[in-house]
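Q: Sending over a structure as structure tokens; questions will come in a sec.
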Amino acid sequence: MTRSIPAQQGGTDLPDPGDPAFWALPRVQRLAAFARMRALDAPVLCGRGTGREFWALVRHADVAGASRRAGDFRSAPGVTTPEPAAWAKALFGNAMVNLDGAEHAALRRIVARSFTPRLLAAAEENVREVARRAVDGLAEAGAPGGSPADGPDFVRAVASRVPFEVICDLMGIPAGMRASVAARVDQASENAGVRRGLRIPGRGLRALAHLRLATARLARERRRRPAGDLVSALVAADVDGRGLTPRELGAFFSLLLVAGVETTRNAMAHGLALLTEHPEQRALLEADFDRYADGAMEEIVRHSTPIIQFRRTVAAECELGGHTFRPGEKTVLFYASANRDERVFDDPDAFDITRSPNPHLGYGGGGPHHCLGAHLARQEMKALFRELLSRPGGPWAAGPAELVDSSFDNRVRRMGVVRG
């Protein structure tokens, strides 16, 4: 049975997101609980009495406000649960998402300037080719496990493949390394660790260690022989007299490989599921792809919200959403709730590719930590759905997607597809 939020905060029958059992509830029940929390007067204290209490920010305005006020709501010491251990940071480096202030800004400038116009133009052309190959290969893919009637697994055959190949091509990871890197990415995400029913990202330390070693070897090679890829650009970077240290380089590449693949693959899988569940929306998109594609990609991200939440730590006494926060308190920014806020979105549970405006927070709530890979993710999704929907008998989801119970990401484990 799920622990309830105390009556003085809104009623004893409101399930508590601080209880791992909350994340085993059907997604529709979790979204309904967030809707009730949004209707309360102020943020809700969750996990009371567990030693892991946090204030849940569930309204669009509060999530966006905390994101933009990075001086008050800090990413350090970590945005995930549990927070990265000090020894792990010292050994492997600290991911950019866990940094604040000048340290974060300096690192972000180095990375951003390495994405040169030439590199981005090549990546855009490559995205289209990768999407074409993946959809070509879908017809040849088998049905691992389950019934052949369910068709091939879209996640394995397409949704995982496209962002992985795009990022490997962008980084310049040689073909001979990719099978090993792919296995480590899967281990660091799918098997990232489970504690009391919650999927805990970042605990696949062995997989992350192997990824860091592999990218370190590649970085040494690119210092000797630059190849015009992102690794070559980053190892040669010098912005304001500063480049990336080996640990920073390893931490960034691990973040790019794991987070960049994971979030986009989930958005792609949810996207096909949503277009199957809403054939009228699919028909609209197929009829005029260029007109509706941009809006469709934004609505897929809003409706599915691949990243459910990130944590922040209060740096100084401050007020937000009708509540005063104290230094050291933990807050959780629930993007999955903010993207259904009735104050911002008309009929928020509807899937509507013509929704405009659509100020969703699927790439973060703005501020210094807005997703660096948002533009690339949009390109990948748009290229893939153009290929999927332009083919005769394009694929449809064979049934509901098989989801992973997680407090962190809206992960799709498997989804069979059939031809239309």
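Residue-by-condition table, conditions (1) modelled with pLDDT under 95; (2) in contact with a strand residue (DSSP E or B) (Cβ under 8 Å, 6 or more places away or on another chain); (3) within 21 Å of Leu256 (Cα to Cα):
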residue	(1), (2), (3)
Ala64	no, no, no
Phe73	no, yes, no
Thr81	yes, yes, yes
Ala85	yes, no, yes
Asn94	yes, no, yes
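Q: Please pick out the residue among Gly373, Gly364 that is on the phi > 0 side of the Ramachandran plot and out of contact with any Pro (no Cβ under 6 Å at 6 or more places or on another chain). Talk me through it step by step, then tell me what you get.
A: Numbers: Gly373 fails: on the phi > 0 side of the Ramachandran plot.
Just one listed residue meets the conditions, Gly364.
Residues checked against (1) among the basic types (Lys, Arg); (2) touching a helix residue (DSSP H, G or I) at 6+ places or on another chain (Cβ under 7 Å); (3) open to solvent by less than 20 Å² (accessible area, probe 1.4 Å):
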position: Leu57; (1), (2), (3): no, yes, yes
position: Asp62; (1), (2), (3): no, no, yes
position: Ala66; (1), (2), (3): no, no, yes
position: Asp72; (1), (2), (3): no, no, no
position: Ser75; (1), (2), (3): no, yes, yes
position: Glu103; (1), (2), (3): no, no, no
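Q: Give region 402-419 a look and list any residue that's over 17 Å from the mean Cα position of the chain (by Cα) and open to solvent by less than 30 Å² (accessible area, probe 1.4 Å), or say none.
A: Met415, Gly416, Val417
Q: Oh, and also: Can you give me the ranges of the helices (runs of 4 or more DSSP H) entirely in region 267-359 with at least 3 residues that are in contact with a Gly (Cβ under 7 Å, 6 or more places away or on another chain) and buried (at least 19 other Cβ atoms within 10 Å of the Cβ)?
A: Hits in region 267-359: 289-304.
Q: For region 276-288, enumerate the residues that are more than 12 Å from Thr354 (Cα to Cα) and in contact (Cβ under 8 Å) with a residue 40 or more places away in the chain.
A: Thr276, Glu277, His278, Glu286
Q: OK, next. For region 163-203, which positions are modelled with pLDDT under 60 and either buried (at least 17 other Cβ atoms within 10 Å of the Cβ) or closer than 22 Å to Asn94 by Cα (or both)? So that I can check it myself, show each step before the final result.
A: Applying the first criterion (modelled with pLDDT under 60) to region 163-203 yields 191-203.
Of everything in region 163-203, those that are modelled with pLDDT under 60 and either buried (at least 17 other Cβ atoms within 10 Å of the Cβ) or closer than 22 Å to Asn94 by Cα (or both) turn out to be Asn191, Ala192, Gly193, Val194, Leu198, Arg199, Ile200, Pro201, Gly202, Arg203.
Q: Restricting to region 107-118, count the residues that are under 23 Å from the mean Cα position of the chain (by Cα) and part of a helix (DSSP H, G or I).
A: Step one: of region 107-118, the residues under 23 Å from the mean Cα position of the chain (by Cα) are 107-115.
If we keep only those that are part of a helix (DSSP H, G or I) too, we end up with 107-114.
Residues meeting the conditions: 8.
Q: Does Thr50 meet the test of being surrounded by fewer than 16 Cβ atoms within 10 Å (Cβ to Cβ), under 27 Å from Glu317 (Cα atoms) and of a type in the set (Val, Ile, Thr)?
A: Judged against the criteria, Thr50 is a match.
Q: Ok, one more. Among helices (runs of 4 or more DSSP H) lying entirely in region 1-102, which contain 2 or more residues that are free of Cβ contacts under 8 Å to residues at least 12 places away in the same chain?
A: Values: elements: 27-38, 60-68, 86-92.
Output list reads 27-38, 86-92.
Q: Within region 368-420, which strands (runs of 3 or more DSSP E) (wholly inside it) include 3 or more residues that are under 17 Å from Leu275 (Cα atoms)? First the steps, then the outcome.
A: On the way: elements: 395-397, 412-414, 417-419.
Because the criterion is at least 3 residues that are under 17 Å from Leu275 (Cα atoms), the strands (runs of 3 or more DSSP E) in region 368-420 that meet it are 395-397, 417-419.
Q: Right, another one. Tell me which residues, restricted to region 225-251, are part of a helix (DSSP H, G or I) and either open to solvent by less than 20 Å² (accessible area, probe 1.4 Å) or among the acidic types (Asp, Glu) (or both).
A: Quick first cut of region 225-251, residues part of a helix (DSSP H, G or I) only: 230-235, 246-251.
Leu230, Val231, Ser232, Leu234, Glu248, Leu249, Gly250, Ala251 - these are the residues of region 225-251 that are part of a helix (DSSP H, G or I) and either open to solvent by less than 20 Å² (accessible area, probe 1.4 Å) or among the acidic types (Asp, Glu) (or both).
Q: Being in contact with a strand residue (DSSP E or B) (Cβ under 9 Å, 6 or more places away or on another chain) and not polar (S, T, N, Q), is that true of even one residue in region 339-357?
A: Of the residues in region 339-357, the ones in contact with a strand residue (DSSP E or B) (Cβ under 9 Å, 6 or more places away or on another chain) are 339.
If we keep only those that are not polar (S, T, N, Q) too, we end up with none.
No.
The values are calculated or read from the model by the stated rules, or taken from the named source; none is laboratory data. Keep in mind it's a predicted model, so treat the numbers as computed, not measured. Quick reminder, even Gly has a Cβ in these numbers, built from the backbone with ideal geometry, and neighbours come from all protein chains shown. Accessible surface is based on the protein model in full, side chains and every heavy atom, while ligands, DNA and RNA are left aside. Shrake-Rupley method; radii C 1.70, N 1.55, O 1.52, S 1.80 Å.
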